[in-house]
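Working notes for the structure below.
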Amino acid sequence: MVQKTNRIQEVVSVRARKPIVAGNWKMNKSIEEAIDLASSIKIDLATCVAVDVVLCPPFTALKVVGDILTGTHMQLGAQTMHWENSGAYTGEISPGMLRDIFCHYVIIGHSERRAYFHESNKVINRKIKAALASALRPILCVGETHEEHEDGKTEAIVRTQLKQGLAGLDEDIMQNVIIAYEPVWAIGTGLTATPEQAQQVHAFIRDNIASQFTDAVAKSIRIQYGGSVKPNNARELFSQPDIDGGLIGGAALDARSFIEIVNAAL
């Protein structure tokens, strides 16, 4: 069982962090479907300023979704990127290319990238540094598999992912990093950590950030929860003191569901 610490609870006793809700569309939506979805979300959330709202469509739809978001308070994000700005990397997208189409965020180290494309913590660290160097805000994903969860290895896995993924970063640049805790056993399965379970891991993450950097960094960094967040559980999850929003998968593909989740973050 992950233990909370009094020090970190004191640090975050008064929440001053702005919630952030990002929709990860994964490999879904044609260009036409992406236009429809982004346009529907825009109707309700274009003027939302209390929550940072980020849409992360597939590469093929980045430009058209970005055009739709122009003039709103919502921002565009990508689902991954390469760590080099150019070169012979067939099929890859560079951070500079993402900035060219006005991406502001990029998801890095998602569990599906780790599992299917064998991205290591070292690779993830290179991507985070490259993103920050190009003025992109990385969303670093961390989390344990079902087997690791059952074996009581949550803390060890998450600690290693944080230590290696954020290695070499200084305190000042950390203000541009977002962390997403995504228990792999709860992604796309319909399962979700209880609010209490999620809070315990989020507090553990914040404690580790304090140890790796400073209490001030730990207090300010935003930590999202990702793992079958839906309108019917979002409010309770987001009410936890160390959960600062969500990285939303399946529910982000439905405009009404995503809007309700953002409203829950208010």
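The values are calculated or read from the model by the stated rules, or taken from the named source; none is laboratory data. What you are looking at is a predicted structure, and each value in this text was computed from that prediction instead of being measured. Glycine gets a Cβ as well: all are built from the backbone with ideal geometry, and neighbour counts include every protein chain shown. Ligands, DNA and RNA are excluded from the accessible area calculation, which covers all protein heavy atoms including side chains. Shrake-Rupley method; radii C 1.70, N 1.55, O 1.52, S 1.80 Å.
General remarks:
- As an equivalent ellipsoid, segment 31-184 spans semi-axes of 27, 18, 16 angstrom, where each value is the square root of five times an eigenvalue of the C-alpha gyration tensor, largest first.
- Built amide H within the under 5 Å cut-off of I248, gap 5+: A22, G23, N24
- The accessible surface of the chain, taken with every protein chain in place and a 1.4 Å probe, is 51 percent carbon and sulfur.
- Along each principal axis, Cα extent of segment 37-108, largest first, Å: 42, 21, 17
- Here the Karplus curve 6.51 cos²θ - 1.76 cosθ + 1.60, taken at θ = phi - 60°, turns the phi angles of segment 186-191 into couplings of 10, 8, x, 9, x, 7 Hz, with x standing for Gly and Pro.
- Flagged links, alpha-carbon separation over 32 Å, of K129/K219; K18/K163; K29/K163; K26/K153: K29/K163
- Accessible area per residue was computed with a 1.4 Å probe on protein heavy atoms; R17 scores about 20 Å².
- Value of Rg/Rh across segment 68-151 [Cα atoms, Kirkwood radius]: 1.03
- Karplus-based coupling profile of segment 96-102, in residue order and whole Hz: x, 5, 5, 5, 4, 9, 6, with θ = phi - 60° in 6.51 cos²θ - 1.76 cosθ + 1.60 and x standing for Gly or Pro.
- Average accessible surface for the chain: 45 Å² per residue, computed with a 1.4 Å probe over protein heavy atoms with every protein chain in place.
- Extension gain (nm, one decimal) between A16 and Q197, 0.36 nm per residue minus Cα-Cα: 62.9 nm
- Segment 33-79: translational diffusion in µm²/s, Stokes-Einstein, Kirkwood Rh over Cα pairs, 4 °C, 1.567 mPa s: 123 µm²/s
- For segment 235-252 versus segment 60-100, the gap between their alpha-carbon centres in whole angstrom: 24 Å
- Among the GluC sites (Glu not before Pro) in segment 98-206, those located in a DSSP loop and surrounded by at most 14 other Cβ atoms within 10 Å of their own Cβ are E171.
- In segment 117-231, the convex hull through the Cα atoms has an average projected area of 7.5 nm², a quarter of its surface area.
- Under the combined filter of DSSP loop state and at most 14 neighbouring Cβ atoms within 10 Å, segment 105-137 retains these chymotrypsin sites (Phe, Trp or Tyr not before Pro): F117.
- Label-to-label distance, nm, for residues given as E236 and K63 (7 Å Cα→Cβ offset): 4.5 nm
- For S94, nonlocal amide neighbours, meaning residues 5 or more places apart or on other chains whose placed amide H falls under 5 Å from its own, are H82.
- Rg and Dmax, both from the Cα atoms of segment 194-266 and both in Å, are 13.0, 40.
- Taking Cβ atoms as reference points and 11 Å as the exclusive limit, the residues near A216 contribute a net charge of -2, counting Lys and Arg as +1 and Asp and Glu as -1.
- Couplings 3J(HN,Hα) of segment 134-144, computed from phi: 9, 6, 9, 9, x, 9, 7, 8, 9, x, 10 Hz, in residue order, whole Hz [Karplus 6.51 cos²θ - 1.76 cosθ + 1.60, θ = phi - 60°; x for Gly and Pro].
- Under-5 Å amide H pairs with R137, H placed in peptide plane, nonlocal only: Y105, V106
- Cα pair distances in the chain, grouped into 10 Å bins until the bin that holds the longest one, percent each: 7, 33, 39, 19, 2, 0
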